[in-house]
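Here the structure comes first, spelled out in structure tokens, and everything after it is commentary.
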Amino acid sequence: MKQVLLAAAITLSVASCATTTSPTGRQQATGAVSQQQLDQMGIQAFNQLKAEKPQTTSARERNYATCIVNAITRQLPGEWATRYNWETGIFVDNQANAFALPGGKMGLYTGIFRVARDQDELAAVVAHEIGHVYAQHHAERFARAQRAQMGVAAAQVLAAVTGVVDPNTVGQLGGMVAQGGFLLPGSRTQESEADVIGQQLMAKAGFDPRKAVNLWQNMIAEGGNNRPPQWLSTHPDPQSRLNELAQRANGLMPEYDAARKAGRRPNCGP
């Protein structure tokens with residue numbers, strides 16, 4: 001029976017999810033849940049946050065953010081441009097944070113206005129977060145977590161069969177290894193990919209892609225030295241990120257200029 005369980009666990013651990021190609025050409029596993037399920041979860045999470053957290057009463061802030069979200073989402077390619085009727089919520093919270101969820105939900109905390117000091121800098125935040133949804137990063141995280149859990153389960157069965165190591169110890173260590181060696185590096189990959197997609201979207205929408213550099217400089221200054229070691233971080237190294245953003249911005253200037261000539265000149269505020 002132990003051998004049968006071992007074989008079953010190993011089979012599950014290497015079972016492949018559906019593989020798709022991300023907008024940047026990267027292969028990603030996304031088959032753990034359907035897009036419909038992800039959309040429903042995103043809507044439920046957003047509605048729960050609205051029920052629990054106060055939203056701004058400032059019409060100016062709402063109009064400002066909604067204008068930027070609409071300008072960015074219009075530049076999504078193909079059916080992604082019309083898949084969602086995006087809803088924007090601005091939550092009263094001093095954190096400099098924002099998020100986008102499947103189901104067409106964009107959330108900003110009022111603290112983000114402290115570091116995103118003009119419409120182009122806020123567009124960099126919005127486009128980055130929407131890039132996560134467009135690149136199906138939420139589906140990929142579910143698939144990665146599922147595979148990591150299966151791998152740990154297989155190791156625990158192997159420990160039980162051999163009797164060399166306590167399966168509970170293997171489970172604890174395996175969870176740490178999966179988090180530090182598999183799930184977190186994947187998150188860093190997604191953050192870098194969202195940077196690429198976000199900068200492209202903001203340039204196409206007529207926002208200055210160079211302002212993404214300013215935004216992340218502000219974010220780094222906001223965070224100070226309160227940052228975990230790189231190997232435990234879900235975000236790329238700050239200086240490397242700035243260098244890549246600056247380099248891409250130069251290459252995106254022709255696209256930005258073309259957008260402006262085509263009449264895409266957002267005038268959102270603040």
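The values are calculated or read from the model by the stated rules, or taken from the named source; none is laboratory data. Everything numeric here is computed off the predicted structure, so don't read it as measured data. When we count neighbours, we look across all protein chains shown, and the Cβ atoms used for this are built from the backbone with ideal geometry, even at glycine. Side chains are part of the model used for accessible areas, which takes the heavy atoms of the whole protein and leaves out ligands, DNA and RNA. Shrake-Rupley method; radii C 1.70, N 1.55, O 1.52, S 1.80 Å.
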Of all GluC sites (Glu not before Pro) in region 19-104, the ones in DSSP coil with at most 14 other Cβ atoms within 10 Å are GLU79
Once the Cα gyration tensor of region 28-107 is found, what semi-axes does its equivalent ellipsoid get, as square roots of 5 times the eigenvalues, in whole Å, sorted largest first?
-> 23, 17, 10
Quick tally, 1.4 Å probe accessible area for HIS132, HIS138, sorted with the most first, runs HIS138, HIS132
Summed side-chain charge close to PRO254 - residues other than PRO254 whose Cβ falls under 15 Å, Lys, Arg +1, Asp, Glu -1 = +3
What list of ³J(HN,Hα) couplings, whole Hz, do you get for region 135-142 from phi and the Karplus terms 6.51, -1.76, 1.60, once you set θ to phi - 60° and write x for glycine and proline?
-> 7, 6, 5, 5, 5, 5, 5, 4
Using θ = phi - 60° and the Karplus curve 6.51 cos²θ - 1.76 cosθ + 1.60, what whole-Hz ³J(HN,Hα) does each residue of region 47-53 get, with Gly and Pro shown as x?
-> 5, 5, 5, 5, 6, 9, 10
If amide H atoms are modeled at 1.01 Å from N in the peptide plane, then the residues at a separation of 5 or more from GLY89, or on another chain, having amide H under 5 Å from its own are MET106, GLY107, LEU108
With all protein chains present, calculate the accessible area of ARG264 using a 1.4 Å probe and round the result to the nearest 10 Å².
-> 90
When every protein chain stays in place and a 1.4 Å probe is rolled, THR57, THR110, THR189 sorted by accessible area with the largest first are THR57, THR189, THR110
Ignoring ligands and nucleic acids, what accessible area does CYS268 show with a 1.4 Å probe (Å², nearest 10)?
-> 20
